[in-house]
1. Go ahead and run the numbers for FRET between residue 115 and residue 22, Cβ-Cβ distance against an R0 of 35 Å, rounding to 0.05.
2. Give me the distance in nm between label points sitting 7 Å out from Cα along the Cα-to-Cβ direction at residue 127 and residue 377, one decimal.
3. Tally the DSSP beta bridges in region 2-155 and give the antiparallel ones as a percent, rounded to 5.
4. Enter the angle in degrees (range 0 to 90, nearest 10) between the Cα long axis of helix 418-433 and the first principal axis of the Cα atoms of the chain, meaning the one along which they spread out most.
5. Counting every Cα pair in the chain, what percent are over 40 Å apart?
6. Rounded to the nearest Å, what's the spacing between the alpha carbon centres of region 1-46 and region 281-310? Just the number, please.
7. If you find the alpha carbon centre of region 215-259 and of region 338-354, how far apart are they in angstrom?
8. Taking the convex hull of the alpha carbon atoms in region 248-375, what volume per residue do you get, in Å³?
């Protein structure tokens, strides 16, 4: 067991200590504010606070003892190729406050602060400290924890710190299951007229042949994905958009369509089903209806979600709604148009609600990239190389990699050969794990 002394035990401190020692190290630990107990203990022990005598100490920043939210101008310096934040002014264990640094990133503290937003009220990558300091491609939290682990093992070799195992979850957002089929007469006529006006004769021919069932629908790539899953022994996680009404942002197939319902049932036989929560003004009501539909259709209990358009609005509001609707896992913590580690982490973590100053039961799974983030890159080898770099970071720190692709990206209208890219990635991950 590791004993940590601190003059004040706070919810923020308990959260980050539990994350590091339980979820990463898998060791017994105890926080105490009793100095005499700490002095008398024969267990491995450290102080979190100010250095005292010859005890090993992590010099504390005030962040973990506060309950308010305000702009923080913290110092940083480089240790090798890794920037470390909340640098200590004292000679201590690590030279920086690893607890405060990890907490700042995992809690998404910076996202609570006033900042410029896009038209969907999403947090912009350029606001992020990691983007501004050119280290979004590094899993900073895991790197800091690794530095901490190395130091603990150097000081206390008897501590049996466990090693996590790298894992991979293939996931897909099903925004629009069909390109031409199951649209209804009105939408099909409107789509055909638009193709005539814009002289898209090839697509008009595809529309006709698809509706006549002469060729497969270009977006129906589910048999192809299932074949890949069987080849690499994967179980996919499919997030279905099932908005009750069609709108500007929600263009899914009608949930009343029997073929769409059958598609969900078929996919649910061999895969996991999650909610792709639609973009709505009233999330609270819509999410409840969408969960109910998916559960009834898939015959699965829906506990996972990814927001459509990664539509995480001001924290913690969206996450509070998900928690209230019994969602246990969210996969929205990434950027639409940036590649890397939004939360600084390559492992899942419980969400800490800064406003309520408490740990929640909602588990966040970081999202390092989606194919849309590569729209401005034409060279497929560069795309593959950048994705491999992310995978390598996950593998080195035994992370939980979650990929995101859309079904239509594997069809004939995709801007890039995503089939080739995806198959290359899957083969690379399989080789790493073999």
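1. Between residue 115 and residue 22 the formula returns 0.65.
2. Output for this residue pair reads 2.5 nm.
3. If we restrict to bridges inside region 2-155, about 40 percent are antiparallel.
4. Once rounded, one gets 40 degrees.
5. It works out to 25 percent of all Cα pairs.
6. 39
7. 27
8. For region 248-375, the hull spanned by Cα atoms encloses 129 Å³ per residue.
Computed from the coordinates by the stated procedures, all read-outs in this text should not be read as laboratory data. Note that the structure is a prediction, hence the values are computed from the model and not measured. So basically every Cβ, Gly included, is an ideal-geometry build from the backbone, and we count neighbours across all protein chains shown.
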